[in-house]
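To start, the structure itself, in structure tokens.
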Amino acid sequence: MTGSQNQEDSRILRIGHRGAAAHAPENTIAAIRAGISLGVDFVELDVQRTRDGRLVLMHDETLDRTTSGVGSLSQMTWDELQSLDAGDGERIPSVEAALGTASGRAGVILEAKASGIGPDLYSAVQTSDFSGPVIYASFLHAEILAIRDIDQRARTMALTDCIPLAGAAFAHDANATLVGLAFDSATAKFTSALHEVGLEVFFYTVNEPNLIALAIHLGADGVISDYPERVPKCSRDELRA
């Protein structure tokens, strides 16, 4: 699906936030499996780098909120991280393990959370046996721009938590193919403007059924949710029937 397609006929993509964060500890193998069991089109996952260069799944810069550890993730080695509990006995997974779990079962949206990891994240996917669609995302637009410089065919998502003053130009500057927009900032007018320049638009993070319905009404091509099962797997026309 692209922004140039008839938006009225396209199916809304069901995307599990941090795997499926309402059903299993976020950014873990269990969360990825939960998302797959709930019929996601994509799992959205956050990526950071350890002190010894391993790419791992973690949203926060620090370990305190989601693991049994404390302190900065970037100051920990891979081996040190493996002694931590990431919730319900889960371990912090490597990107390679995450890709292996999702391969052939769901697409992945990989969000680069740290500066300088974009090219290495792209390389990790390319050297894996992953089968399925991949979208590289970041609020750090230099990371996705670097990936597009390597591969103009790569699908990249420029994330924003507000409507930029420059409008859709911010995504053009990042050479992005998609936009990830905070639902609280979403408007039908801005979504339409993004569609008009050929960009797909995903809204994050939308959990309540009435708000998911509103996101679809505003023109979302995909909805990122902790409860991905609440996102209807149908077209806009089917929702109206």
Just wondering, is there one or more residues in the stretch 96-117 that are under 15 Å from residue 137 (Cα atoms), surrounded by fewer than 16 Cβ atoms within 10 Å (Cβ to Cβ) and not β-branched (Val, Ile, Thr)? yes
Considering residues that are surrounded by fewer than 22 Cβ atoms within 10 Å (Cβ to Cβ), closer than 15 Å to residue 41 by Cα and among the charged types (D, E, K, R), the number found within the stretch 185-241 is 4
If we keep only residues of the stretch 62-79 that are surrounded by 13 or more Cβ atoms within 10 Å (Cβ to Cβ) and in contact (Cβ under 8 Å) with a residue 24 or more places away in the chain, then the residue farthest from residue 112 (Cα to Cα) is 67
Looking across the stretch 80-95 at residues that are surrounded by 15 or more Cβ atoms within 10 Å (Cβ to Cβ) and of a type in the set (Gly, Ala, Ser), the single one that is nearest to residue 45 (Cα to Cα) is 94
How many residues of the stretch 80-94 are farther than 17 Å from residue 60 by Cβ, in contact (Cβ under 8 Å) with a residue 12 or more places away in the chain and of a type outside the set (Ser, Thr, Tyr)? The answer is 1
For residue 21, indicate whether it is crowded, with 22+ Cβ neighbours inside 10 Å and without any contact (Cβ under 8 Å) to a residue 60 or more places away in the chain.
no
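Throughout, read-outs are computed from the coordinates displayed, never taken from laboratory work. Worth saying up front: this structure is predicted, and the values here are computed from it rather than measured. Cβ atoms come from the backbone with ideal geometry, glycine included; neighbour counts cover every protein chain shown.
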